[in-house]
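For reference, the structure discussed in these notes is given below.
The values are calculated or read from the model by the stated rules, or taken from the named source; none is laboratory data. Computed from a predicted structure; not experimentally measured. Reconstructed Cβ throughout: ideal geometry from the backbone, glycine too, with neighbour counts over all protein chains shown.
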Amino acid sequence: RKHKREEYKKIILLVAAYVVHMVIGVVTWYHNNYFVKEPTHNWELERRSFLNNLYRGTEKDCIEQLRLSKSAVFNLCRILQERGGLVRTTNVPTTEAIAIFLHILTHNLKYRVVQFSYYRSKETISRQFNDVLRAVMKVSKDYLNFQPYTLEGAEANKWRWFKVSLSIV
């Protein structure tokens with residue numbers, strides 16, 4: 001009888017250990033699949049910090065990065081919103097879209113490089129660049145003076161052949 005009781009205790013202990021092991025497994029599985037996890041980096045915070053350094057930092061930093069003063073950037077934002085039809089998207093404000101546009105133009109950057117600075121996808125960078133470009137083209141007639149360009153010297157000789165080939169086509 002004592003032997004059966006000890007054997008019974010061992011069985012209960014094994015069953016209890018098995019149940020605890022199963023509960024831990026279920027809790028771990030549930031935690032891995034259903035708990036909301038914090039991202040490893042807060043990209044939104046870093047993006048805002050980068051843009052704050054541009055817009056609220058020194059005038060020199062804004063001019064070096066965007067080739068415009070802070071007041072000129074905000075005036076450009078206002079003009080492109082009012083007259084160019086540029087609108088804020090769900091995730092990208094117009095000030096950021098214009099900063100992306102200016103950054104690409106002023107430094108001759110690829111989308112891949114800008115993607116890293118602004119923590120956005122290449123598709124988002126491309127879409128925002130093209131949206132701002134369309135707005136700039138809408139207001140270009142009012143704000144840009146196009147001067148006739150005449151080629152002289154060595155450049156004129158090179159383009160002379162290009163004009164001939166275009167007239168043939």
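Tell me whether region 59-72 contains one or more residues that are over 24 Å from Gln128 (Cα atoms) and at pLDDT 90 or above.
Yes; the residues of region 59-72 include at least one that is over 24 Å from Gln128 (Cα atoms) and at pLDDT 90 or above.
Whether any residue in region 10-32 is among the basic types (Lys, Arg) and on the phi > 0 side of the Ramachandran plot is what I want to check.
no
Sort through Leu76, Leu54, Leu80, Leu68 and tell me the only one that's in a loop (DSSP other than H, G, I, E, B), assigned by TED's automatic domain parsing to the domain that holds Phe129 and free of Cβ contacts under 8 Å to residues at least 60 places away in the same chain.
Going through Leu76, Leu54, Leu80, Leu68 in turn, the sole match is Leu68.
Given (1) more than 24 Å from Ser117 (Cα to Cα); (2) of a type in the set (Val, Ile, Thr); (3) touching a helix residue (DSSP H, G or I) at 6+ places or on another chain (Cβ under 8 Å), identify the lone condition not met by Val87.
(1)
Identify all residues within region 121-149 that are under 17 Å from the mean Cα position of the chain (by Cα) and either in a helix (DSSP H, G or I) or in contact (Cβ under 8 Å) with a residue 60 or more places away in the chain (or both); write none if there are none.
Lys122, Glu123, Thr124, Ile125, Ser126, Arg127, Gln128, Phe129, Asn130, Asp131, Val132, Leu133
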